[in-house]
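Heads up, the thing below is written out as C-alpha cells.
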Amino acid sequence: MFPKQINILLATGLILILLTACAGTKETSNPPVPTNTSPPASAHDNDANDQTNSEDKDGEDHDAADTNSEEFTEESTPAPMSIDGALLFKENGCADCHGEDRSGEFAPALLPDSLTKSADVYINTITFGSGRMPVFGDDLTQEEITALVDWLQTTK
C-alpha cells in the first residue's frame, strides 16, 4: 500500500506543476505587421507612377516595392498625419499640473517664451519623465510627443 500512495502523490504533484506552468503563461495575439506596403504617393511622384503604369500593361500583379525606386521597409514610416498638440495637452492631463493656459500651476509654465531649451530636451522629458514629471513615452508615440513639443514651442 505504501508504494501506491507514493505514486498517487507523485502523480498529483506532477499535475499541480503542469497546471501551475500552464496558468503562468498568457498568449497574446499580435496583429500581423504588413511587410509590403508603399508610402503614400505625393505630387512629385506622379512622373514615377506614370512610368510604372505604362510599364504595367502586361496584366501581371506587381508589388509596390517592384515599382518604386526607394524600397519601403518596416523601419520607415509614412509621413504622419497632422497631430493636434492642443488636444494632446488637454487629453493627457498636462493642464492638471501646467495649467489650462500653460502658465504653470504646480509645474513649470509651458509657454514659448519660457521654453528656451532645444526641442530634444522637452521630447526627452515627456518621453522619460523627470522629477515629478511622469513618463509619457509608454502612452504617446514619438510623433505625438514631437507634435506636442512643437505646439508648446510655437503657440501662445
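The values are calculated or read from the model by the stated rules, or taken from the named source; none is laboratory data. All of these numbers come straight from a predicted model, not from anything done at the bench. Methodologically, a virtual Cβ is constructed for each residue, glycine included, from the backbone with ideal geometry; neighbour enumeration extends over all protein chains shown.
For the stretch 87-130, which residues satisfy the criterion of being β-branched (Val, Ile, Thr) and in contact (Cβ under 8 Å) with a residue 24 or more places away in the chain? Steps first, please.
To start, the set of residues in the stretch 87-130 that are β-branched (Val, Ile, Thr) comprises 116, 121, 123, 125-127.
Across the stretch 87-130, the qualifying residue is only 123.
Could you check residue 83 against (1) at pLDDT 95 or above; (2) part of a loop (DSSP other than H, G, I, E, B) and say which number it fails?
Failing condition for residue 83: (1).
So, of the residues in the stretch 86-101 that are small (Gly, Ala, Ser) and part of a helix (DSSP H, G or I), which turns out to be surrounded by the fewest Cβ atoms within 10 Å (Cβ to Cβ)? Working first, answer last.
Narrowing the stretch 86-101 to residues small (Gly, Ala, Ser): 86, 93, 95, 99.
Those left that are additionally part of a helix (DSSP H, G or I): 86, 95.
Values: 86: 13, 95: 15.
In this case the residue turns out to be 86.
Condition first: surrounded by 17 or more Cβ atoms within 10 Å (Cβ to Cβ), closer than 15 Å to residue 86 by Cα and of a type in the set (S, T, N, Q). Can you find one or more residues in the stretch 117-138 that meet it?
no
Filter the stretch 102-135 down to residues that are over 15 Å from residue 156 (Cβ atoms), assigned to a loop (DSSP other than H, G, I, E, B) and of a type in the set (A, V, I, L, M, F, W, C), then give me how many there are.
3
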